[in-house]
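Below you'll find the structure, written out as C-alpha cells, and then a few comments.
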Amino acid sequence: MTNPLLAQWTTEFALPPFDLIDDSQFAPAFDAALTEARANISRIADQADSPSFANTIAALELAEELLDRVSGVFYNLAGADSTPEREALQRDLAPKMAAFSSEVTMNAALFARIEDLWQRRENLDLNAEEFRVLELYRRMFIRAGAALDGAARNRMSAVKERLAVLSTSFTQNLLADEREWTMPLGADDLAGLPDFVIAAARAAAEERGQEGHLLTLSRSLVVPFLQFSPRRDLRELAYEAWVARGATGGKTDNRAIAAEILALRQERAQLLGYASFADYKLETEMAKTPAAVRDLLMRVWSPAKKKADQDAEILTRMMHEDGINGDLEAWDWRYYSEKRRLAEHDLDENILKPYLQLDAMIGASFDCAARLFGLEFRPLDVPLYHKDARAWEVTRNGKHVAVFIGDYFARASKRSGAWCSSFRSQRKIGGDVRPIAVNVCNFAKPAKGEPALLSWDDARTLFHEFGHALHVMLSDVTFGMISGTSVARDFVELPSQLFEHWLEVPEVLDRHARHARTCEPMPADLRDRLLAAGTYDQGFGTVEYIASALVDLAFHEGAAPADPMAFQATVLSELDMPKAIRMRHATPHFAHVFAGDGYSAGYYSYMWSEVMDADAFEAFEEAGDPFDPVTAQKLETHILSAGGCQEADALYLAFRGSMPGVEPLLKGRGLLS
Ligand SMILES: [Zn+2]
C-alpha cells in the first residue's frame, strides 16, 4: 500500500486524508520527502543552464513541496495532539530537519546562482513580487551563513542543529510538566468557585478517567481558579505549581536548556558578524534595533508601573479588610482584582460567561469576516485529526477561498496557549493553491451535555487567532515564501490584534452574545459595563507583559548569561517589579522565546503591533462605521492579502498614510493620564 502522506490527496479540497494517516507513516514519509527535496535542490544548484529567476528562485519555491505537505500535517499534529510516538519522532526530526536546512543554505553552487541573479537584478525584467522574493532569498541565505567559509561554516551548521534539538526538548519538557501536575478538589475546595469553574474541573477529571474534580495547569482552568477561589492556601499551591513549569528539577527541567540556547544564539550572531543576537534578529524586523524596542517598552512601562502600584495598594487594603495581614502576593492579585471588578464595575464573570458561548463567538467572528470581507462559512463534514476539531469551507461570491479548521478545547495532548497555523499556505506558482488555516485554543471543555462557555479573555483569544487565520486565508500572492503571515514578526500581530477590536463593537455583542439557556441577548447595561471595564487591570496586564519582553530582550543583548534565572532576577529588580506581579512567562516556560526562534528577542512584537492595531481600528472609527467597506477593502488590499510582498512599514503606510505614535495604545490600555 502506498503511504497516504506521499500520495496525491484526492480528498475534498485536497485536505490531508486524516482518516488514512497513522503515526507509523510519518518517518518513512519524511525520509522520502527529504530525499526528493535533496534531489530537487541538487538539480537546481548543479544544472548547466545559467541562472534565471525561473530555473533558480521559482524552482526553489517548488523544490520542497512534498516536504512542506508532510511537515504541514506532522507539526500541526505534534502541537495540537501529541502522543509519545509523535514526541519521539519530533525529537528525531529536529536535528535532521535542521541539517537539511543548513545543507540548502550552505550549498555554495546554489548561493552562487542567487548571488549572480542579485547582481544582475536590474536587468532581469522582474516584477515587484519577483524582485522582493529574490531579495528575501538572498537575505535568508546570508543570514543562515551562506557567505561563511571554513570552520565558521561548519560551526554554524552544528549550532543550528543543536538549537533545534534543544528547542524541541524545551517544548516537550513543558508539556510534560503541564500534564504531570493535577490537584484533586474535594467538596470543601470548591467553595466560592462559580459553576463554570466547577464544570471545567469536572470535565478535566473526566478527560483523565477520574471521578470528582481536578485542577490542572491549563490557563483556562488555573486562571479562573486563582480569580475565584477564596482558599488562599490552595491558590498559593496552584500558583506556585503553575509558575514552576519547566523548573521542577529532574529530567524535565528547562533551566540549563535555556542557558545553552542563549549561548548558542549569541555564538550564531557573532559568527555572522553581529554584536549580539538581538542585533541580528531585529535587523529584519520593523523595530530594526534593540534601542528602538526598549524605547517603546519603557515608554509604556512607566505609566503601567505607576498604575499597577496604585492598584496594588487598593488590593492590599481589600486583603487586610479580609483579615489577612502581610503583603499582597502573586496568588492574591487575581482574586482581589476580581472582587474589585465586581465592586467597581458590577461585572461578575459568572453572570457574563453564559452570554459568551463558544459557538456563538465563532459565529460572531465569521459574521464580522462576512461584513468586512464578504466571506461565507459552511460547515464541512470531513475526517479531521481529532474528534474535537471542526472544519468549514470559506467562500466569497460562491468561489472557494480556503478551508478553516477550529480546534478549541484543552486536552492533555495539546501544548498550552493558542495559535494559528496552516496545513497549507496560499500560492499561485505551480497551480492556484488555496490555504488550509487552523486555529488551536485551550478553552475549558464543558462536561457532557453542557454548552461551552468562554471568558471574555477567551473570546478575545478566539478573535485574535481568527485574525491570524484571515491573514492566512485572504493571502493573494504568487510565491509561498511571502504568503499570508510570512511577514516581519513585529507586524504579524497586527491582523490578529486588530480583529480583537470587532468583539468590542456593541452591535456585534448585541447580535451574538446571547444567554446559553434563555437565548436572550446580553442586557445593554451589562454590555456597557463590560466595555467600560475594557481597560480594567491593565496596569497588571501591561506590567507582566513588559517584564517578560524586557527580560527576553536583555537575554539576547551582549554576552549570554551563564545563569538565566539570576539574570532574570537582576533585570526585574532593576525594573523595580511590583512584588505581587510576576512575569507573564518566566524563563523555564517561556515557550515564545525558547521553543523555537520565532519570538526570541521578539516578545515585544505584540506591543509593537499594538501601536498599529490601535491606530488601524481608528481608521474605521474615523470613517464612522466599524464595517466601513472602503476601509475594509484597503485593509485587505494592503495588509491581509499582501503577505510579505513589501517591507512592513510600506504596507502599513499604504493602508493608513502615516505611522502612528504610542498614544492610541496608551489610550486603549487606559494608561493615558
Ligand atoms: Zn497572535
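Here are the numbers:
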| item | result |
| --- | --- |
| Boolean, D327 is among the charged types (D, E, K, R) and under 30 Å from L635 (Cβ atoms) | no |
| Boolean, E344 is at pLDDT below 95, under 30 Å from A312 (Cβ atoms) and open to solvent by less than 20 Å² (accessible area, probe 1.4 Å) | no |
| Residue count, segment 197-222 (criterion: under 16 Å from T182 (Cβ atoms) and crowded, with 18+ Cβ neighbours inside 10 Å) | 17 |
| Filter pass, Y274 being outside any helix (DSSP H, G or I) and either closer than 21 Å to L550 by Cα or among the acidic types (D, E) (or both) | yes |
| Residue count for segment 470-479, restricted to those that are part of a helix (DSSP H, G or I) and more than 11 Å from the ligand (Cβ to nearest atom) | 3 |
| Neighbours by Cβ (under 9 Å, 6+ apart or cross-chain): first from segment 418-430, within 24 Å of D457 (Cα to Cα); second away from the ligand (no atom under 11 Å from the Cβ) and polar (S, T, N, Q) | A418/N442; S421/N76; S422/N76; S422/S483 |
| Checking P660 against (1) more than 13 Å from L494 (Cβ to Cβ); (2) touching an Asp or Glu at 6+ places or on another chain (Cβ under 6 Å); (3) modelled with pLDDT under 95, the condition it does not meet | (1) |
| All positions within segment 319-341 that are crowded, with 18+ Cβ neighbours inside 10 Å and either without any contact (Cβ under 8 Å) to a residue 24 or more places away in the chain or touching a strand residue (DSSP E or B) at 6+ places or on another chain (Cβ under 8 Å) (or both) | M319, Y336 |
| Positions within segment 248-258 being under 13 Å from D563 (Cα atoms) and assigned to a loop (DSSP other than H, G, I, E, B), in sequence order | N254 |
| Every residue from segment 480-493 that is open to solvent by 10 Å² or more (accessible area, probe 1.4 Å) and more than 16 Å from the ligand (Cβ to nearest atom) | G480, M481 |
| Within segment 6-38, tally of residues that are assigned to a loop (DSSP other than H, G, I, E, B), β-branched (V, I, T) and over 13 Å from L77 (Cβ atoms) | 2 |
| Hits in segment 431-440 - residues which are touching a residue at least 12 places away in the same chain (Cβ under 8 Å) and open to solvent by 40 Å² or more (accessible area, probe 1.4 Å) | R434 |
| Test: residue in segment 461-469 that is more than 14 Å from the ligand (Cβ to nearest atom) and open to solvent by 30 Å² or more (accessible area, probe 1.4 Å) | no |
| Failed condition for S573, given (1) open to solvent by less than 20 Å² (accessible area, probe 1.4 Å); (2) more than 26 Å from the chain's Cα centre (by Cα) | (1) |
| Filter pass, D525 being open to solvent by 10 Å² or more (accessible area, probe 1.4 Å) and not basic (K, R) | yes |
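Condition check ((1) within 16 Å of the ligand (Cβ to nearest atom); (2) surrounded by 18 or more Cβ atoms within 10 Å (Cβ to Cβ); (3) assigned to a helix (DSSP H, G or I)) across all residues:
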site: L372; (1), (2), (3): no, yes, yes
site: E376; (1), (2), (3): no, no, no
site: T395; (1), (2), (3): no, no, no
site: S422; (1), (2), (3): yes, yes, no
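The values are calculated or read from the model by the stated rules, or taken from the named source; none is laboratory data. What you see is a predicted model; the values in this text were computed from it and never measured. Note that we place each Cβ from the backbone using ideal geometry, even for glycine, and neighbour counts take in every protein chain shown. Calculation scope for accessible area: heavy atoms of the full protein, side chains included, ligands and nucleic acids excluded. Shrake-Rupley method; radii C 1.70, N 1.55, O 1.52, S 1.80 Å.
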